Amino acid sequence: MKNQWPQWEVFVRSEAGLAHKHVGSLHAADARMALEHARDLYTRRNEGVSIWVVKSENVHATDPQESDEFFGPSEDKTYRFPTSYHVPEGVKHL
Amino acid sequence: MSSHVEYVLRFGDSALVLAQQLSGLVAHSPIMEEDVAIANVSLDLFGQARLWLGYAGELEGAGRDEDRLAFHRDASEFRNVLLVERPNGDFASTTVRGYFYDLWSYLALGNLTQSLDRRIAAIAEKSRKETAYHLRRSEDWLVRLGDGTEESHARAQRAASELWPYTGELFMGDDVDVEMARQGIGFDPERVREPWLERARLALATATLDVPGDSWMQHGGKQGVHTEALGYLLAEMQVLPRSIPEAVW
Amino acid sequence: MYTQMSDGIDGQPNASDERERAFERRLERGVKIEPPDWMPEPYRKTLVRQISQHAHSEIVGMLPEGNWITRAPSLQRKVILLAKVQDEAGHGLYLYSAAETLGTPRDDMIAALHAGKAKYSSIFNYATLTWADVGAIGWLVDGAAIINQIPLTRCSYGPYARGMVRICKEESFHQRQGFDIMWKLAHGTPAQHAMAQDALDRWWWPAVMMFGPPDAESTHNRQSLKWKIKIFTNDELRQKFIDQTVPQAERLGLKIPDEQLRWNERTQHYEFGPIDWEEFYRVIRGDGPCNKDRLQARIDAWEEGAWVREAAAAYARKQAERGAVA
């Protein structure tokens, strides 16, 4: 079972104006083949207008064990959201 | 049969026979991603075949639809080029056969988009887009196999040499071609010989493969004189509709 | 897809662990588990086995129908069947992709299949003898599969649930095309009608068995339900399948091969005759009509394709080296 082709993560833009979205992975020997396989595998029903493929080993992710430290600090900064401000009655265009 | 019908059948039958061959490979590919890919090419070719055969049936005006033409004609009534009826063989043979055909088909369809017969031009327009992708794929694989390992190189070289004698027919015109070209419906097949050779030579060189030497070119498929392989292919494809000819499926 | 609910659980969770309790609270709140999250080892192993088994079923499941692609009786039927078998390859790949997020490389899963260590749905060890079998598979086998699969779109593991959403959406035509084949045959010539009845006779019970052993015998139901890897029990799903399929058979004018089948007004369900579980276990053990052929076909494709995979890998290496030099 040597020579397994590398794994690639596939991102598809479903229509112009939308961002690429992760849809899954596949195996391919090279980037060109990965794009072709992604087309055949993930856009058989017209689901895409653009595809990105990234070798899975090149994706760096946050560690779920550190989620609290990583994402917690933004939880109490409610002043970043407009809903935390009082708008006096009758004031418009704020 | 009129030259017009003959002419349309030639393109339809070539697409049909190749589609049928590829469809038999699905579930048996070297890697599952290739099953999906081969199925896509096969589906495109069946789609093209249906457009051509449907139109041939209309032109003929004898009440034969795509299925009547596909399932109820004998080998001698088929008008496909010999190249597409060569057996699938190994992955190298399938790839090289596909490449030789795709390249020719792409060039031929390019010519047909200029046809004065607007149905033909429309079918060619649609088919050409699909074929451009098939060509990209088969050319990529040709290069990967040729310039891959020693074994893949040897297999690709053997496939190229074995299939080369079936490429000449692609460029050989006959009375039907002359007549169609004269009416502006078709083109002189000789016109695609040089562009085909030029790109094929380049691809073979990139794949580090030798261009096979001049040899006798097999021909006859366009006129209904086939290799033994077609009979078996049709026997399998046609068995069911012929067993209950009056049935609707 | 064709997941078969005969799954076991690997090992027992250790509930004393704090992480374990956090994990369970998370499942109770209905928060999905994602690949890098901590999960109990038995949960991971059970998932890998269930998802890969499901993936293998898709891939092996291409074979019985694939048989008929080259013999499909019209061009329209041919492209429909080809697209369906192609979907199965795609669905196998989505599922392998989901299983790989759990840290098991696809090649290991394939090796387990080829070594006879991994299971796949045993329905595919039955033979497709006539064109009507293609109809029966779409109608009954895909019909059963849909019933199994739809709840899995809500399962606790994110990548599996997302894969199932995609698969369910794409498979919506699979059952219909099968029913449509049966409809044409049932309303066709006497020979075609007989072909359809014969296929129903042969596929009915294997389809009913696809939901796995009865709940009383399925020791693993409970843990999988708790983990939300499974949402309904085998018997619940089986009953649902029978309830919705019987009226369809009546519309087709075909007879389901079960003398004890009858509607129970009180329970609002069909009652059905005894299932031959001997046969079920015999086919799982490897003595179905096609077990050896199916596996051999997969092994052949893999082994005969080895030089192709090596060639592409070698070419990619050369290209990378050339790129590095240039």
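Let me check I've understood the local charge: for B:Lys129, count other residues with C-beta under 14 angstrom from its C-beta, Lys and Arg +1, Asp and Glu -1. What total comes out? It would help to have the intermediate numbers written out before the result.
Values: positive: A:Arg39, B:Lys126, B:Arg128, B:Arg136, B:Arg137; negative: B:Asp44, B:Asp102, B:Glu125, B:Glu130.
Net local charge, B:Lys129 excluded: +1.
Restriction of the GluC sites (Glu not before Pro) in the stretch C:134-228 to DSSP coil positions whose beta-carbon has at most 12 other beta-carbons within 10 angstrom yields C:Glu217. Angle between the Cα long axis of helix B:32-60 and the longest principal axis of chain B, 0 to 90 degrees, nearest 10? The angle comes out near 30 degrees. Helix content alone sets the calculated 222 nm mean residue ellipticity of chain C: runs of n ≥ 4 DSSP H residues at -39500 (n - 2.57) each, divided across all residues, give -19500 deg cm²/dmol. With 27 Å as the cut-off, how large is the P(r) tail for the stretch C:84-220, expressed as percent of Cα-Cα pairs? In whole percent, the long-distance tail amounts to 29. The orientation-averaged shadow of the Cα convex hull for the stretch C:190-301, equal to a quarter of the hull surface, comes to 10.2 nm². Between C:Glu250 and C:Thr189, the contour length at 0.36 nm per residue exceeds the alpha carbon distance by 20.1 nm.
Please work out the Kirkwood hydrodynamic radius for chain B, using every pair of different C-alpha atoms, and report it in angstroms with one decimal place. Mind showing how you got there, number by number?
Numbers: mean 1/r = 0.0545 Å⁻¹.
So the Kirkwood estimate lands at 18.4 Å.
In the context of the full set of protein chains, residues of the protein assembly as shown present 43 Å² of accessible surface per residue (probe radius 1.4 Å, heavy atoms only). With respect to chain B, whose longest principal axis is taken over its alpha-carbon atoms, helix B:91-112 is tilted by about 50°. Taking all protein chains as they are arranged and a probe of 1.4 Å, the heavy atoms of C:Met109 leave approximately 10 Å² accessible to solvent. Shape summary of the stretch B:122-218, radius of gyration then Dmax from alpha carbon positions: 15.8, 50 Å.
Cα convex hull, the stretch C:161-239: 98 Å³ per residue, rounded to a whole number.
Take every Cα pair under 8 Å whose residues are at least 6 apart in sequence, average their separation, divide by the length of the stretch A:1-58, and the relative contact order is 45 percent. Under 5 Å from the amide H of C:Leu261 lie the amide H atoms of C:Gly273, each residue being 5 or more positions distant or on a separate chain, with H modelled from the backbone and absent for Pro and chain starts.
With a 1.4 Å probe on protein heavy atoms only, work out how much accessible surface B and C bury together, total over both chains, in Å² to the nearest 100. Mind dumping the intermediate values first?
Values: alone 11980 and 15680 Å², together 23650 Å².
So the total buried area for this chain pair works out to about 4000 Å².
Measuring from label point to label point, each 7 Å out along Cα→Cβ, what is the B:Glu190 to B:Lys129 span in nm? The modelled label-to-label distance comes out at 3.5 nm.
The alpha-carbon of C:Lys184 sits under 29 angstrom from the alpha-carbons of these lysines, leaving out residues fewer than 8 places away in its chain: C:Lys78, C:Lys84, C:Lys169, C:Lys240, C:Lys255.
Using a cut-off of under 15 Å, list every residue of the stretch C:184-218 whose amide N is near the label point 7 Å from the Cα of C:Ala127 along the Cα-to-beta-carbon line. Within reach of a label on C:Ala127, which here means backbone N under 15 Å from a point 7 Å along Cα→Cβ, the stretch C:184-218 contributes C:199, C:202-203. The residues neighbouring C:Glu304, those whose beta-carbon lies less than 15 Å from its own, together hold a net charge of -4 under the Lys/Arg +1, Asp/Glu -1 convention.
For A:Arg80 and C:Ala22, the FRET efficiency from 1/(1 + (r/R0)^6), where r spans their Cβ atoms and R0 equals 41 Å, is about 0.90. Put simply, the C-alpha atoms of the protein assembly as shown give a gyration tensor, and the ellipsoid matching it has half-axes of 46, 34, 25 Å, longest first.
Which FRET efficiency value, to the nearest 0.05, do you get for B:Arg182 and B:Asn88 by plugging their Cβ-Cβ distance into 1/(1 + (r/R0)^6) with R0 = 35 Å?
Details: r = 38 Å, r/R0 = 1.07.
E(calc), rounded to 0.05, equals 0.40.
Counting only Cα atoms, the size of chain C along its three principal axes is 69, 54, 33 Å, in decreasing order.
Annotation for A:His93 and B:Ser243: the two label points, set 7 Å from Cα along the Cα-Cβ direction, are 8.0 nm apart. In the stretch B:69-172, Rg over Rh equals 1.03, where Rg is the alpha-carbon radius of gyration and Rh the Kirkwood radius from pairwise Cα distances. Each label was represented as a point 7 Å from its Cα along the Cα-to-Cβ direction; for A:Trp52 and A:Asp68 these points are 3.2 nm apart. For the stretch A:1-58, the alpha carbon positions stretch 41, 22, 16 Å along the principal axes, listed from largest to smallest.
The C-alpha atoms of chain A define a longest principal axis, and helix A:31-42 lies at about 70 degrees to it.
Along chain C, the exposed loop sites are trypsin sites (Lys or Arg not before Pro) outside DSSP states H, G, I, E and B with at most 14 other Cβ atoms within 10 Å, and the longest stretch free of them is C:155-254.
What percent do you get for the relative contact order of chain C when only Cα pairs under 8 Å and 6+ apart count? Don't skip to the end; give the middle numbers.
Numbers: 411 pairs, mean separation 67.2, N = 326.
Value for chain C: 21 percent.
Between B:Leu116 and B:Arg68, the FRET efficiency from the beta-carbon distance, with R0 = 30 Å, is close to 0.65. Taking the charge dipole of chain B about its Cα centre, with +1 at Lys and Arg Cβ atoms and -1 at Asp and Glu Cβ atoms, the residue from B:Val8, B:Ile244, B:Gln157 reaching farthest to the positive side is B:Val8.
Would you calculate a helix-derived [θ] at 222 nm for chain A, using -39,500 (n - 2.57) for each DSSP H run of n ≥ 4 and dividing by the full residue count, to the nearest 500? Can you show the working numbers first?
Working: 2 runs with 17 residues, N = 94.
Counting only the DSSP helices, I get -5000 deg cm²/dmol.
At 0.36 nm per residue, minus the direct Cα-Cα distance, what do C:Glu303 and C:Ala115 gain on full extension? Give it in nm, one decimal, please. Provide the component values of the computation, followed by the final result.
On the way: separation 188, 0.36 × 188 = 67.68 nm, distance 1.29 nm.
Taking 0.36 nm per residue and subtracting the Cα distance, the gain is 66.4 nm.
The values are calculated or read from the model by the stated rules, or taken from the named source; none is laboratory data. Only a predicted model underlies this, so the values are computations on that prediction, with no experimental measurement involved. FYI the Cβ positions are ideal-geometry reconstructions off the backbone, even for glycines, and counts take in every protein chain you see. To get the accessible areas, we keep the full protein, side chains included, count just its heavy atoms, and leave off ligands, DNA and RNA. Shrake-Rupley method; radii C 1.70, N 1.55, O 1.52, S 1.80 Å.
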